[in-house]
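Encoded as structure tokens, the structure appears first; notes follow it.
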Amino acid sequence: MRSKNLIIMIVAFIVEVLITYFIASFFSVRFIEVMFFAGIAFAGGTFYFSSSGGTMSRLFASQASGLTGIIQKREQFTYQIGPIFITSLIFFLIGLVFLLLLIWGIIPPEQA
């Protein structure tokens, strides 16, 4: 793994942790209780913005093709797996482990 990708992954992980911490402190819950759901949001958002664009992108490409007569190669779905998505996926999997440990009772509920 290149050092550039490693730095990007570390920075993305720190940003995800900070955002999750602020969400957890805003709702007054533990960090690990929010981690799974924040991981889903981060991974889903990263996947959406890294992919070929979806329905709206195809609509605009079709409109441009209809107006100009030039057929664009945007019909196939493409996705770029980058370091930010890998980091979001790792954050999601760590959150999943903590959520399962909370559900199974291995990590006790928070005492008031």
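Quick notes on this structure:
- Hits in the stretch 90-105 (condition: open to solvent by 70 Å² or more (accessible area, probe 1.4 Å) and not β-branched (Val, Ile, Thr)): 93, 104
- Flag for residue 64 being open to solvent by less than 40 Å² (accessible area, probe 1.4 Å), of a type outside the set (D, E, K, R) and modelled with pLDDT under 90: yes
- Top-ranked residue of the stretch 18-42 - restricted to ones that are among the aliphatic types (A, V, I, L, M), farther than 15 Å from residue 102 by Cβ and out of contact with any helix residue (DSSP H, G or I) (no Cβ under 8 Å at 6 or more places or on another chain), ranked as surrounded by the fewest Cβ atoms within 10 Å (Cβ to Cβ): 18
The values are calculated or read from the model by the stated rules, or taken from the named source; none is laboratory data. No experiment lies behind these values; they were computed from the predicted model shown. Heads up, the Cβs are rebuilt from the backbone with ideal geometry, glycines too, and the neighbour counts pull from every protein chain shown. The accessibility values were calculated without ligands, DNA or RNA, using every heavy atom of the protein model including side chains. Shrake-Rupley method; radii C 1.70, N 1.55, O 1.52, S 1.80 Å.
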